[in-house]
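Asker: Quick one: the structure is below, and I'll ask about it shortly.
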Amino acid sequence: MRGRLIAVALLLVADAAAADELKPTAAARKAAADLSAGRQAEGLKKLEAAANGGDVYARILLGETYYFGVFGVARDPVRACTEFDRAKDLAGEAAHNYGQCLFAGDGLPKDLAGARIWYAKAADLGHVQSKCALGNMLVRGQGGPVDVAGGLTLCREAAEAGDADAQTDLGDYYYVGRVVPKDPAEARRWYEKAAAQDQANAAYALGVMSWNGDGGPADQAAADRWWRLADKNGNRRAAYHLGVYAYARFMAAHKPGDLSGLDEAIGWLGKAAADDPDPERRADAQRILKLARAIRDALASPTAAHQN
């Protein structure tokens with residue numbers, strides 16, 4: 001599911017479903033309203049009743065609610081995958097989510113061959129996101145034989161159809177140059193399409209590329225904007241870069257008595273020290289954070305204020 005709550009997201013925009021997706025039903029909207037208002041038991045009861053009455057959309061929403069633990073409902077991947085199982089032959093989204101359960105081994109025993117089957121089924125049912133999920137497995141030889149050409153074709157089809165995750169994956173292939181010739185400019189092009197849809201990993205990659213001048217001119221201000229977008233949309237690696245850059249800006253130039261830039265750096269570094277997935281960067285963020293706090297304390301002291 002790549003971190004996306006498709007059924008939940010579609011509830012937020014009236015008639016927003018694409019041609020390959022189910023549209024939100026009235027029963028699902030009513031249940032979601034209860035869940036959003038903190039009436040979890042009532043909302044879940046309505047979703048279950050609708051699902052048991054044949055509402056496939058409600059079934060998927062019920063599964064995604066449990067899978068991601070949203071609306072204040074405790075996360076229960078086993079229950080979630082059970083719901084996807086019940087709808088997997090009826091809707092591409094459910095088939096895709098069931099495939100994800102098998103791929104991740106989250107809620108079901110890990111089964112890469114089975115994940116291939118259900119991603120393919122979901123794609124056949126019109127679920128565009130499943131194409132590159134299957135394509136990546138073909139490229140890597142997960143759950144079956146390697147088929148680089150076939151996998152890249154599926155990812156390109158999904159990317160050209162507008163799927164932000166596929167656009168990000170295609171950008172990754174061109175940026176790294178592992179199974180296609182390395183082409184930073186082409187990577188940027190796909191990342192920009194994905195970031196325009198708020199894909200967090202694409203925005204993060206654009207920040208790195210803008211900082212380093214990969215596939216285009218180096219632009220620290222652009223890197224800062226991309227990393228802010230990445231952080232806003234859930235990327236846990238962006239805060240480190242934002243903190244280091246804010247700290248460097250403050251140390252290079254700041255107005256006497258104005259500690260706002262240092263406070264910004266401290267905020268980002270604190271977030272990175274607590275949440276960056278890389279333990280080495282967490283440690284480095286903690287090191288710089290300690291230094292930044294010491295500098296702030298020194299500059300905020302009465303003696304420093306008097307000298308300023």
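Asker: Using just the Cα positions, wrap region 43-114 in a convex hull and report its mean projected area in square nanometres, one decimal place. Write out the running numbers ahead of the final one.
Answerer: Numbers: hull surface 17.1 nm².
For the Cα atoms of region 43-114, the hull's average projected area reads 4.3 nm².
Asker: What list do you get for Leu61, Leu35 if you sort them by fewest beta carbons within 10 Å?
Answerer: Result, fewest neighbours first: Leu35, Leu61.
Asker: So for the chain, Kirkwood radius off the Cα pairs, Stokes-Einstein at 37 °C and 0.692 mPa s: how many µm² s⁻¹?
Answerer: Answer, rounded: 152 µm²/s.
Asker: Continuing with the same structure: Where Lys and Arg each count +1 and Asp and Glu each count -1, what net charge lies around Leu262 among other residues with Cβ under 14 Å from its Cβ?
Answerer: +1
Asker: Turning to a different aspect of this structure: Determine the equivalent ellipsoid of region 128-223 by diagonalising the alpha-carbon gyration tensor, then write out the semi-axes as square roots of 5 times the eigenvalues, largest first, rounded to whole Å. Intermediate values should be presented prior to the final figure.
Answerer: Numbers: eigenvalues 120, 40, 17 Å².
Sorted largest first and rounded, they come to 24, 14, 9 Å.
Asker: Pairs Lys23/Lys232; Lys45/Lys232; Lys182/Lys271; Lys121/Lys232; Lys182/Lys232: which exceed 31 Å Cα-Cα?
Answerer: Lys45/Lys232; Lys182/Lys271; Lys121/Lys232
Asker: How about region 187-294: which chymotrypsin sites (Phe, Trp or Tyr not before Pro) there lie in a loop by DSSP and see at most 11 other Cβ atoms within 10 Å? Could the numbers behind the result be given before it?
Answerer: Working: sites: Trp190, Tyr191, Tyr204, Trp211, Trp226, Trp227, Tyr240, Tyr245, Tyr247, Phe250, Trp268; in loops: none.
For chymotrypsin sites (Phe, Trp or Tyr not before Pro) across region 187-294 that sit outside H, G, I, E and B with at most 11 neighbouring Cβ atoms in 10 Å, the list is empty.
Asker: With everything on Cα atoms, drop me the angle between helix 40-52 and the longest principal axis of the chain, reported from 0 to 90° to the nearest 10.
Answerer: 30 degrees
Asker: Dipole magnitude of the chain about its Cα centre, charges +1 at Lys/Arg Cβ and -1 at Asp/Glu Cβ only, in debye to the nearest 20?
Answerer: 560 debye
Asker: Follow-up question, since we're still on this one. Would you calculate a helix-derived [θ] at 222 nm for the chain, using -39,500 (n - 2.57) for each DSSP H run of n ≥ 4 and dividing by the full residue count, to the nearest 500?
Answerer: -22000 deg cm²/dmol
Asker: Each residue of region 209-214 in order: what ³J(HN,Hα) in whole Hz does its phi give by Karplus 6.51 cos²θ - 1.76 cosθ + 1.60, θ = phi - 60°, with x for Gly and Pro?
Answerer: My calculation for region 209-214 gives 5, 5, 5, 8, x, 7 Hz in order.
Asker: Could you derive backbone 3J(HN,Hα) for region 119-132 from the dihedral phi with the Karplus parameters 6.51, -1.76 and 1.60 (θ = phi - 60°), listing whole Hz in sequence and x where the residue is Gly or Pro?
Answerer: 5, 5, 4, 5, 4, 5, 7, x, 8, 4, 4, 5, 4, 7
Asker: Within a Cβ distance under 13 Å of Leu35, other residues only, what is the Lys/Arg minus Asp/Glu net charge?
Answerer: +1
Asker: Considering the dipole of the chain built from charges on the beta carbon (Lys and Arg +1, Asp and Glu -1) around the Cα centre, which of Val180, Ala218, Gly261 is farthest to its positive end?
Answerer: Gly261
Asker: Also: If you put +1 on each Lys and Arg Cβ and -1 on each Asp and Glu Cβ, how big is the dipole of region 117-258 around its Cα centre, in Debye rounded to 20?
Answerer: Using only the charged Cβ atoms, the result is roughly 340 debye.
Asker: How large is Rg over Rh for region 38-178, taking Rg from the Cα atoms and Rh as the Kirkwood inverse mean of 1/r across Cα pairs?
Answerer: When Rh is taken as the Kirkwood radius, the ratio is 1.03.
No value in this document is a laboratory result; all are computed from the given coordinates. In this text, all values refer to a predicted model and were calculated from it rather than measured experimentally. Every residue, glycine among them, receives a Cβ derived from its backbone with ideal geometry; neighbour counts consider all protein chains shown.
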